[in-house]
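Some notes on the structure that comes next.
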Amino acid sequence: MKVLIVYYSMYGHIHRMAEAIAEGVREIKGAKAEMRRVPETLPEDILKKMGALEAQKKFAHVPVCATDELADADAIIFGTPTRFGNMCGQMRQFLDATGQLWLKGALVGKAGSVFTSSATQHGGQESTILSFHTTLLHQGMVIVGLPYAFQGQMRIDEITGGSPYGASTIAGGQGERMPSENELAAARFQGKHVAAIASKLAK
């Protein structure tokens, strides 16, 4: 059973969460996690000015996803940073190229899930995931979130991402904060949970 983790990361926060998602997927017997990046749409000079070019070199080894790969997966977990309460433009452009998959019903019945990041604690994490779900519903996917069985999202002793909609992390205004252990634990739980649901759907 193949679980595809498709994400966009500018500074590495979503990439680190994607790694944790993959770790969780692999906890389910027979589940294989494959990580893919969506194509970059910004030119290198802009990325350099934003201080993102060097950061992206650290995960440049992750293959860029082709839309056809989505049809071959049993489940797809998408990761995107928040842009004004919505997914980033790179992810939107990638998803807008999946019309042929929609026409064929290629993603109908597959488990779909979303994780995200934002600069601030209330920076649109939940709205990003919920608005992302609209695309998954149009594709006929079975939406899987992060249930309260992951009790780390009940914590009030620290500032942390995570909601019933999916794992998330708070990156800081300058990207200075990497995912905490609790946020990574949420990502691992979500990966394992999606893989378990996908396994049941495949029966």
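The values are calculated or read from the model by the stated rules, or taken from the named source; none is laboratory data. None of these values were measured; they are calculated from a predicted model. Cβ placement follows ideal geometry from the backbone for every residue including glycine, while neighbour counts extend to all protein chains displayed.
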Residue check for residue 98: under 27 Å from residue 159 (Cβ atoms) and not small (Gly, Ala, Ser): no
Some residue of region 150-170 being out of contact with any helix residue (DSSP H, G or I) (no Cβ under 8 Å at 6 or more places or on another chain), surrounded by fewer than 20 Cβ atoms within 10 Å (Cβ to Cβ) and among the hydroxyl-bearing types (Ser, Thr, Tyr): no
Pair list, Cβ < 8 Å and 6+ apart or interchain, from region 142-159 residues that are closer than 30 Å to residue 74 by Cα and in a helix (DSSP H, G or I) to residues that are polar (S, T, N, Q) and at pLDDT 95 or above: 152/160; 152/182; 153/160; 153/163
Residue under evaluation residue 64, criteria (1) under 19 Å from residue 93 (Cα atoms); (2) loosely packed, with under 15 Cβ neighbours inside 10 Å; (3) of a type outside the set (Gly, Ala, Ser); (4) touching a Leu at 6+ places or on another chain (Cβ under 9 Å), criterion not met: (4)
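Residues are listed down the side, and each one gets a yes or a no for (1) without any contact (Cβ under 8 Å) to a residue 12 or more places away in the chain; (2) of a type in the set (Asp, Glu); (3) touching a Leu at 6+ places or on another chain (Cβ under 6 Å):
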residue	(1), (2), (3)
28	no, no, no
40	no, yes, no
45	yes, yes, no
55	no, no, no
60	yes, no, no
76	no, no, yes
79	no, no, no
84	no, no, no
91	no, no, no
Within region 45-114, helices (runs of 4 or more DSSP H) holding 3 or more residues that are charged (D, E, K, R) and under 19 Å from the mean Cα position of the chain (by Cα): 68-72
